[in-house]
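Let me begin by presenting the structure, written as structure tokens, before commenting on it.
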Amino acid sequence: MLSALSSSLTWSPGACTKTFVHSPIPLILPTKTGPSRALSELVKDVTPPCNLNPFLFNGHLQTVWTAVKFDGPPIHYKRRVFASTENSGLIPGHFAVDFVIAPPPPSGSAGASAAEDGGPEDLGLRDDPVGVGHHHLPPRTTYFTDKEFLHLASSDEKPLIIALHGLSGGSYEVYLRHVLAPLIAQASEHAGLGLSGGEWEALVVNSRGCAGSKITNSILYNARATWDVRQVVKWCRKQWPNRPIFGIGFSLGANILTNYIAEEGDQCLLNAAVIVSNPWRLEISSALLLHTWVGREVYSKAMGTSMRALFQTHRDEVVVNKNISEERIMAAKYLHDFDREYQCATWGYPTEGAYYRDASSADSVLAVRIPTLVLHAKDDPIAFDEAVPYHEIRQNPWVVLCTTSGGGHLSWFELGGGRWHAKPATGFLNAMAREVDFEKVEAPELKTYGPAGGHKTPFAFEPMRRKMHLRGPEQ
């Protein structure tokens, strides 16, 4: 009775419940200065109460509110266009990586705190030295000169975060900048050093053709497109051998990042990761979108429209693939229609359902071997709760899931415009970077999968065994 009364007195409008899902076998993390800690307990400690805007009281309102054009935290970037080198050139092309930099000082107007787009500070920096170019540059984004880029290597130990955005998004996304801003703003002994000038360095891997970038063949990206982030992680490890490297993925980028981490297994070069609003089982999420008018006519149609717009931007390059019908793509009303006409024609899947099943990351989570925090809102109307692999997460001590009763898709709006997901994400990343001694982490003994009784069997379950695979140049 007293407990119920206390709860009612401490409840506030917009307050959401939190639930943590994890393995009963804890992953023990040695720390640099104190006693070891269980991953699950560390996550609980860094996750604050979830108090959202009470006027956005369900997942639809939270999600639709993202359409309101808030400025969000200003982040400045310098871009470099990379040529694909992964998979022996079997997936050629180019993609853009945006590196966070400290705000350049203005050279003109008095009282301005940072340079404005198109000002004299940008002179000569809006032309791509690689020669690929862009359709447009996002706000506060210029290019590295060749000289600047060649001198990025460093022996410093600053933590680095690599971010992957959601469907058809880019480095400019507000939900992403809400996480990067507090990391790079933190003062430390590194203040003024590096690109960002803050405690962390950060970069965003833009999916091919996104964030105003150009493509140089007919290939955009898909939900299993892990090769570009793999190339960037390897490049970062070579450039900055002493930096701990972390990853964060949002929505489709969360699915891609989960697949990447699982493909790398215990050889993953990332130290830890955060997964936000992952759709997990893509076929289930797609089917549930079509079951309601709002899901079909609002969310699926909006995502289909954004992908058609991406196709139109890159139309001349994409239609070189004669398997692709421009007429059918432009008639694609919903996201699954676009995936049928573009993804299947590009990658060779027979149906969009086959593509969704193959690209999903629900089984992949079983193969994750780095500390990983997963954030999910149970009222997410796009990455549905029914698609979350709860049982798989419970079997992997490297992963802890935090669910909130509200928050929508990539939303979690608080009163005043803040975004709650940035708090546990940055809290987790800072704890990983500052406290955990990764060199001493010991992998727990994991359950093996096979028939009950423990008898010998010729069968083995491999979470990352995919139906779509690279045949190799000789085939």
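The values are calculated or read from the model by the stated rules, or taken from the named source; none is laboratory data. All values reported here derive from a predicted model rather than from experimental measurement. When we count neighbours, we look across all protein chains shown, and the Cβ atoms used for this are built from the backbone with ideal geometry, even at glycine. Side chains are part of the model used for accessible areas, which takes the heavy atoms of the whole protein and leaves out ligands, DNA and RNA. Shrake-Rupley method; radii C 1.70, N 1.55, O 1.52, S 1.80 Å.
Observations on the model:
- Span-rule helices in the chain, defined as complete DSSP H runs reaching 15 Å or more along the axis (Cα) with Kyte mean at least 0.5: 174-185
- Pair-distance distribution of the chain: all C-alpha pairs, bin width 20 Å, starting at 0; shares per bin in whole percent are 23, 58, 18, 1.
- Ranked by the mean number of other Cβ atoms within 10 Å of their residues, highest first, the peptides 245-258, 380-393, 276-289, 318-331 fall in the order 245-258, 276-289, 380-393, 318-331.
- Packing here is the average count of other Cβ atoms within 10 Å per residue, and on that basis the peptides 337-350, 431-444, 166-179, highest first, run 166-179, 337-350, 431-444.
- Take the Cα radius of gyration of region 354-454 and divide it by 2.2 N^0.38 Å, N being the number of residues; the result is 1.29.
- A Förster radius of 41 Å combined with the Cβ-Cβ distance from His151 to Arg434 puts the calculated FRET efficiency at roughly 0.90.
- Pairs with C-alpha atoms separated by more than 31 Å, drawn from the list Lys32/Lys467; Lys69/Lys147; Lys69/Lys301; Lys147/Lys423; Lys423/Lys467; Lys18/Lys78, are Lys32/Lys467; Lys69/Lys147; Lys147/Lys423; Lys423/Lys467; Lys18/Lys78.
- Applying a 4.7 Å Cβ-Cβ cutoff to the chain leaves Cys210, Cys236, Cys268, Cys344, Cys402 as cysteine residues with no disulfide-compatible partner.
- Charge dipole magnitude, Cβ of K and R +1, D and E -1 - region 155-273, Cα centre, debye nearest 20: 400
- For the peptides 39-48, 360-369, residues were scored by their other Cβ atoms within 10 Å and the scores averaged per peptide; the highest-first order is 360-369, 39-48.
- In this structure the amide hydrogen of Gly209, modeled in the peptide plane, comes within under 5 Å of the amide hydrogens of Ala96, none closer than 5 places in sequence on its chain.
- Summed residue charge, Cβ within 13 Å of Glu462's Cβ, Lys/Arg positive, Asp/Glu negative: +1
- Region 184-321, accessible area per residue, ligands and nucleic acids excluded (1.4 Å, Å²): 33
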